[in-house]
Amino acid sequence: MINSLITVIPKQSIRCIWSTTSVKAMAPGTLIKGLDFLKGAEPVVSKERSEYPEWVCDLATPDITLAKLKKMDEADASDNEKRRYLKLTRRNTIKDSNVDAGLR
């Protein structure tokens, strides 16, 4: 997990401080369009990275694929990775049974 802070913006524009992947972040004070839907409310602007919780950076990291999870040893997998593996295998089982039944 990456322990860094970012500005809350779309995933395509996020850059974590200690991340190995570089994605751009908004400068503090930038107006965030689409979040100002309340009448009479102040416009929403981005903040300094230090004002966001650490977990926000995890939003920019892609989820582990089923192929990678299948290669991973069960003892090395975290609880979240085990849950994701079960979720993805159940989803594939449902899709396969739908195809067999003639459903899409």
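The values are calculated or read from the model by the stated rules, or taken from the named source; none is laboratory data. Here the structure is a predicted model, which is why all the values come from computation and not from measurement. With ideal geometry, Cβ positions are generated from the backbone for all residues, glycine too; neighbour counts draw on all protein chains shown. SASA here: full protein model, heavy atoms, side chains in, ligands and nucleic acids out. Shrake-Rupley method; radii C 1.70, N 1.55, O 1.52, S 1.80 Å.
Solvent-accessible surface of region 35-104, averaged per residue with a 1.4 angstrom probe and all protein chains in place: 86 square angstrom. Here the 3J(HN,Hα) profile of region 50-64, calculated from phi with Karplus coefficients 6.51, -1.76 and 1.60 at θ = phi - 60°, is 5, 8, 9, x, 4, 5, 4, 5, 5, 5, 8, 8, x, 6, 6 Hz, Gly and Pro shown as x. Model label sites at ILE64 and TYR52, defined 7 Å from Cα along the beta-carbon direction, differ in position by 2.4 nm. For region 24-104, just say rounded, prolate or oblate: build the C-alpha gyration tensor, square-root its eigenvalues into a ≥ b ≥ c, call rounded for a/c under 1.5, and beyond that prolate if a/b exceeds b/c, oblate if not. Oblate shape, in that a/c is at least 1.5 and b/c is the bigger or equal ratio. Each principal axis of the Cα atoms in region 53-92 has its own extent, and those three values, largest first, are 32, 23, 14 angstrom.
Per-residue extension of 0.36 nm, minus the Cα-Cα distance of LEU35 and LEU103, leaves a gain of 20.6 nm for this segment. Summarising the amide proton neighbourhood of VAL45: residues at separation of 5 or more, or on other chains, whose placed amide H is nearer than 5 Å comprise ILE32.
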